[in-house]
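For reference, the structure is listed below as structure tokens.
The values are calculated or read from the model by the stated rules, or taken from the named source; none is laboratory data. Note that the structure is a prediction, hence the values are computed from the model and not measured. Here the Cβ positions follow ideal geometry from the backbone for every residue, glycine too, while neighbour counts run over all protein chains shown. Surface accessibility is based on the protein's heavy atoms, side chains included, excluding ligands, DNA and RNA. Shrake-Rupley method; radii C 1.70, N 1.55, O 1.52, S 1.80 Å.
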Amino acid sequence: MSPQATGRLQGNDLIIERRFRAPIDDVWASVTRPGKTALWFGPWEGEAGQGLTVRLQLVHEKDQPWTDLRIDACEAPHRLAVATVDEFGEWRLELTLAQQDDITTLRFVQRLDDPALAAEVGPGWEYYLDMLVAAREGRALPSFGDYYPAQKAHYLQGP
């Protein structure tokens with residue numbers, strides 16, 4: 001499989017979109033309910049809500065670590081903004097959803113301190129968002145090796 005990189009940089013924002021033939025509430029559940037996030041990203045535990053912190057397990061990362069995830073904004077079913085801090089720095093992520101007719105568009109944005117980081121993190125987010133698509137469609141999950149380093153050049157040159 002050779003998935004195509006679709007993301008782009010806009011200033012310091014890494015932006016990737018995916019479209020689903022599904023109601024917005026259904027897609028929202030896929031990115032916010034622990035049993036559904038476990039299918040493509042990882043489960044989480046704790047009390048969720050704006051200003052609160054939950055624990056998220058990164059099951060597709062080496063050693064499947066747990067990390068604290070602060071919920072900065074939660075405006076169901078349209079916007080979720082979260083942040084986490086690890087040894088690589090602070091990760092600020094935002095998901096927005098919009099429905100038009102029977103199509104829901106998910107827009108993922110990561111604010112980068114340095115746009116050059118897109119070459120390292122962009123392929124990973126492409127992988128995770130394609131995992132979301134595959135999990136929702138009941139297909140086999142993709143392999144990270146198909147994304148990195150193959151998509152690195154896309155983010156070095158820009159779309």
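Numerical summary
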| read-out | value |
| --- | --- |
| Hits in segment 126-154 - residues which are aromatic (Phe, Trp, Tyr), open to solvent by less than 30 Å² (accessible area, probe 1.4 Å) and in a helix (DSSP H, G or I) | 127, 128 |
| Every residue from segment 58-68 that is open to solvent by 90 Å² or more (accessible area, probe 1.4 Å) and aliphatic (A, V, I, L, M) | none |
| Any hit, segment 69-83, residues being of a type outside the set (Phe, Trp, Tyr) and either at pLDDT below 95 or under 24 Å from residue 156 (Cβ atoms) (or both) | no |
| Leading residue by the ranking (farthest from residue 155 (Cα to Cα)) among those in segment 27-50 that are open to solvent by 60 Å² or more (accessible area, probe 1.4 Å) and touching a strand residue (DSSP E or B) at 6+ places or on another chain (Cβ under 8 Å) | 47 |
| Subset of segment 36-83 (residues that are among the polar types (S, T, N, Q) and either more than 25 Å from residue 98 (Cβ to Cβ) or under 13 Å from the mean Cα position of the chain (by Cα) (or both)) | 37, 53, 57, 64, 67 |
| Residues satisfying the stated conditions in segment 9-26, i.e. open to solvent by 20 Å² or more (accessible area, probe 1.4 Å) and within 14 Å of the chain's Cα centre (by Cα) | 13, 17, 18, 19 |
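To keep it simple, each residue is scored yes or no on (1) of a type in the set (D, E, K, R); (2) farther than 28 Å from residue 25 by Cα; (3) open to solvent by less than 30 Å² (accessible area, probe 1.4 Å); (4) not in a loop (DSSP other than H, G, I, E, B).
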{"site": "70", "(1), (2), (3), (4)": "yes, no, no, yes"}
{"site": "83", "(1), (2), (3), (4)": "no, no, yes, yes"}
{"site": "91", "(1), (2), (3), (4)": "no, no, no, yes"}
{"site": "94", "(1), (2), (3), (4)": "yes, no, no, yes"}
{"site": "99", "(1), (2), (3), (4)": "no, no, no, yes"}
{"site": "107", "(1), (2), (3), (4)": "yes, no, no, yes"}
{"site": "118", "(1), (2), (3), (4)": "no, yes, yes, yes"}
